[in-house]
Amino acid sequence: MSAPSLSATNQRISGPRLWDTLMEIAKIGATPKGGVKRISLTETDKAGRAQFSAWCEAIGLKLRVDSMGNMFARREGRDPTRLPVLFGSHLDSQPTGGKFDGALGVIAGLEVMRTLYDLNITTEAPLELVNWTDEEGTRFGRAMMGSGVWAGLFDEAATKARQDEDGTTVGEALSAIGFEGAEPAAAFPADALFELHIEQGPILEAEDKKIGVVTGAQAQIWYEAIVTGQDSHAGTTPPVARRDALLTAARIIELVDTTMRETGDTSIADLGRGTVGRLYVHPNSPNVIPGEVRFTIDFRNPADSRIAEISETFPAKAQAIAAANGCSLELNTVFRVPAQLFDPECVALVRAAAEKLGYGHRDIVSGAGHDAVHAATILPTAMIFTPCKDGLSHNEAESILSEEAEAGTQVLFEAVLARANRTIE
């Protein structure tokens, strides 16, 4: 592989404009504690999409929306035969999310487009800025939903049939906000994809590095668990007669934590993960022993072999816990994805941009799932991380510095232009 080629010019994005736009989009769904609640396919998400559309159209970008609501804003290149370079992220958030998770990547991409517009720069290849639908998965229980369908990893009809807690399907929600586009939600020919994101972890801040050069993402397996016992009177049912679904779930949750810690739990560099993030208790009454509990389980690890080991051993251990408590356990795999390496040439462009700009950087593996991970299964892909304070994310207190956002966006600018203007032999 030849050394990556970067522009010798010193074109710069506007840090103040980038920050102002980040603060402006953060007003849509703003929470009292300073975060954002912009759940996918809600009226708030619709408002965020409308604002994004207006900003794109103001600088002449041509906007398309596919049948999953994924948004693509195109800027033509000098050579119409070249495939487009894609970049972007997502605008939806967690229920108590921060201002920067996802939004940084979309607004940084907008700033790249604005800078090209201001400087009247035309790249050789076309560029497309992407806002992916429902990266967070908080409403319909399927993370990276739009990019997963686009990349051919999820069936579109089955995905659109998924329901939220109120019984509304993905398809109904898309239609309700007016973002079910006519274009098929399927990958089109593209040259590469770049995604800028906050790290959502503590490593860059701890090591005083401004840029994370993301080399790949962890393997994951997600389960949906249903523990069934017997609801009965809290005051009259003796211990010997109890089939407590919540107690059983709690012991399985303890197993999740134990499994996570088996490969290390003392260093910020320990990468095994295990989480139960959603739990429903039935009948959810103070004086009734719970008869049914539903919850999610999320395991992640950089090594495919470790996820394979967990998938082999965890279900049997969990079933044994349920049986010992007089309950039954239904454990369904929601999805399993292998560890994903990013494209070496695209990664090299990110690294070269950080070096050219004089930013301290380190290679890093993503602990979180991202739309780029799905895209990487079908086209060359790379990611850029910026630090976030205390590694905190999926929290209203999520915070980054304006200069960190500017540095990440400048690296994105350099990498995208280098890819779009490279010589093709």
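Before rounding to the nearest 500, sum -39500 (n - 2.57) across all DSSP H runs of length at least 4 in the chain and divide by the residue total; then give [θ] at 222 nm in deg cm²/dmol.
-10500 deg cm²/dmol
Past 26 Å, Cα to Cα, is the threshold; run LYS33/LYS209; LYS37/LYS62; LYS209/LYS356; LYS33/LYS62; LYS99/LYS209 against it and keep the listed order.
LYS33/LYS209; LYS37/LYS62; LYS33/LYS62
Under a no-solvent Debye model with one identical scatterer per Cα of region 219-337, what's log10 I(q)/I(0) at q = 0.16 Å⁻¹?
-0.73
Run the quick spin-label model on VAL288 and ASP304: label points 7 Å from Cα toward the beta carbon, then report their separation in nm to one decimal.
Taking the two extended label points, one gets 4.6 nm.
Over the chain, what is the percentage of antiparallel beta bridges among all DSSP beta bridges, to the nearest 5?
That works out to approximately 65 percent antiparallel.
Under a Cβ-Cβ cut-off of 12 Å, what is the net charge of the residues other than THR44 that fall near it, where Lys and Arg count +1 and Asp and Glu count -1?
Taking every other residue near THR44 into account, the sum is +3.
Indicate the helices, whole DSSP H runs only, in the chain that combine a mean Kyte-Doolittle hydropathy of -1.0 or more with a Cα extent along their long axis of 18 angstrom or more.
43-58, 103-118, 245-261, 304-324, 344-357, 402-420
Could you please rank PHE314, PHE87, placing first whichever residue has the fewest other Cβ atoms within 10 Å of its Cβ?
Final ranking by Cβ density, sparse to dense: PHE314, PHE87.
Between ALA182 and THR275, 0.36 nm times their residue separation minus their Cα-Cα distance comes to what?
29.8 nm
Multiply the residue separation of ILE424 and THR237 by 0.36 nm, subtract the distance between their alpha-carbon atoms, and state the gained length in nm to one decimal.
So the chain would gain 59.8 nm between ILE424 and THR237.
Report, in whole Å, the centroid distance computed from the Cα atoms of region 117-160 and region 214-255.
Here the answer is 34 Å between Cα centres.
For a quick check: sort TRP19, TRP222, TRP132 by the number of other beta carbons within 10 angstrom, fewest at the front.
Fewest to most other Cβ atoms nearby, the residues stand as TRP19, TRP222, TRP132.
Quick one: net charge around HIS361, please, counting Lys, Arg +1 and Asp, Glu -1 for every other residue with C-beta under 13 Å from its C-beta.
-2
How far apart, in nanometres, would the label points at ILE59 and THR169 be if each is projected 7 angstrom from Cα along the Cα-to-Cβ direction?
Modelled inter-label distance: 3.8 nm.
Read the figures in this text as sums done on the coordinates, not as results from a lab. Since this is a predicted model, take the numbers as computed values, not measurements. Glycine gets a Cβ as well: all are built from the backbone with ideal geometry, and neighbour counts include every protein chain shown.
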